[in-house]
1. Being crowded, with 22+ Cβ neighbours inside 10 Å and more than 9 Å from chain A (Cβ to nearest Cβ) is the filter; apply it to region B:60-80 and report the residue that is farthest from A:Y251 (Cα to Cα).
2. Examine region A:18-40 for a residue that is more than 26 Å from the chain's Cα centre (by Cα) and at pLDDT 90 or above, and state whether such a residue exists.
3. Just wondering, is there one or more residues in region A:88-95 that are without any contact (Cβ under 8 Å) to a residue 12 or more places away in the chain, outside any helix (DSSP H, G or I) and not basic (K, R)?
4. Before we move on, is A:E72 surrounded by fewer than 16 Cβ atoms within 10 Å (Cβ to Cβ) and within 26 Å of A:E235 (Cα to Cα)?
5. Out of (1) under 25 Å from A:A129 (Cβ atoms); (2) in contact with a Lys or Arg (Cβ under 9 Å, 6 or more places away or on another chain); (3) without any contact (Cβ under 8 Å) to a residue 24 or more places away in the chain, what's the single condition that is false for A:R224?
6. If A:T229 passes every condition in (1) under 19 Å from A:R191 (Cα atoms); (2) in contact with a Phe, Trp or Tyr (Cβ under 9 Å, 6 or more places away or on another chain) but one, which one does it miss?
7. Quick one: would you say B:R21 is in a loop (DSSP other than H, G, I, E, B), touching a strand residue (DSSP E or B) at 6+ places or on another chain (Cβ under 6 Å) and over 19 Å from A:D18 (Cβ atoms)?
8. Condition first: within 12 Å of A:M163 (Cα to Cα) and aliphatic (A, V, I, L, M). Now tell me which residues in region A:212-261 satisfy that.
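The values are calculated or read from the model by the stated rules, or taken from the named source; none is laboratory data. The structure presented is a predicted model; accordingly, all values stated were derived computationally and were not measured. Here the Cβ positions follow ideal geometry from the backbone for every residue, glycine too, while neighbour counts run over all protein chains shown.
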Amino acid sequence: MRSPQDASVNLHALEPEDFLEEVHSFEHWFESVSGYLVGLDHGHRRDVSEPSIVGAERQRLIATLCSYAVAETAALEASSGLIAIAPNRASKIFLSTQTADEGRHVEVVLNRLRELGVADPDAEVERRAGRSIRNFRERLLELVAAHEWDSAIFAQNVALETMEYTVFRAHARVADPVTRDMLERILRDERRHIGFGENELGRRIAQDPRRRAWLSTVKSELDRLVLSTFDEALEELRVPRGDRPQLGRDYLQAVARLGLD
Amino acid sequence: MAELLDPAAEVPRRRFELDDRGFDEVPRKYRRFYRRWEGPDDSLAPNEAICPVCKIVIRSPRELRVGDRLYCMACMTRVVIVRGEGGRLEAQTVY
């Protein structure tokens, strides 16, 4: 086993089990997020100027953020629920850090709604969030409640997180400076979440290849929900239909790497 | 085995001094091992590969060869360097 001092000389010389131990630790998470979350004001930099967003543009942004709030709440509820059924300590600790990330995301999205003049963000989310993401949340929580570890990790850390990763990146490119800064900091967290899901499932499929067939069934069932949720989010962002297949590429590549049909 | 068959393996590897390129998503002591992809005008150095999962650029202190192992700390992925279609070196996930 190499010590962390060796790792700082050449990180890539670490043994795989030492690398996994390091990146799943709470200390690693804390040092990582400290790099981009310290000194913010409700999830975005204080020195980013707030533009005037009015009329239909403001309404569209509010509707979009309402759907994001449901997606982040789904991930908060699911990642905290998954801790109890995680098969090992490293996954439990990682999920505790993901739970903290998701709690932060819910909070900063609701605060962005307040900054846009929404008096009661929770009521606004209830009223305006998209139908597809609500359905996805319901299905995800069913899988968690049924203690379906593989299925729930696929639904949350591969499907939902990849959708968020893709949609937030697309949104950040065209967003106002405050929303962009908030989204770019959420995206830094999402990289860990998608990586955890894919690697966890990849290792479990390698241990027992029969899991691949089961996860392919879960994927087929979720595909309709994933597509409609993607479509709904990209419609709100006014992404041209012709550009959408390109944006779905990350999800398709992830399931292909896992060998899922 | 693949490395033994690679003609490039006969040539001594170049070493690279890694500098901090502002990648703030990992603990400070590991930042120099990563950087963000800067878009269409960017290109990979001989010691760099793109993480197939999160698309961050992974950097090694030595020139990459087929069979090398790298870690993407941003998304916790282990990759191995393979020769892809067209002969370019690229990173492939190892679970």
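1. Per the criteria, the residue is B:L64.
2. Step one: list which residues in region A:18-40 are more than 26 Å from the chain's Cα centre (by Cα), which gives none.
Checking region A:18-40: not a single residue is more than 26 Å from the chain's Cα centre (by Cα) and at pLDDT 90 or above.
3. Taking region A:88-95 as the starting set, the residues that turn out to be without any contact (Cβ under 8 Å) to a residue 12 or more places away in the chain are A:88-89, A:92.
This time we only want the ones that are outside any helix (DSSP H, G or I), so: A:88.
Retained after the next criterion (residues that are not basic (K, R)): A:88.
Scanning region A:88-95 turns up at least one residue that is without any contact (Cβ under 8 Å) to a residue 12 or more places away in the chain, outside any helix (DSSP H, G or I) and not basic (K, R).
4. no
5. (2)
6. (1)
7. Spelling it out, B:R21 is indeed in a loop (DSSP other than H, G, I, E, B), touching a strand residue (DSSP E or B) at 6+ places or on another chain (Cβ under 6 Å) and over 19 Å from A:D18 (Cβ atoms).
8. Selection gives A:L225, A:V226, A:L227, A:A233, A:L234, A:L247, A:L252, A:A254.
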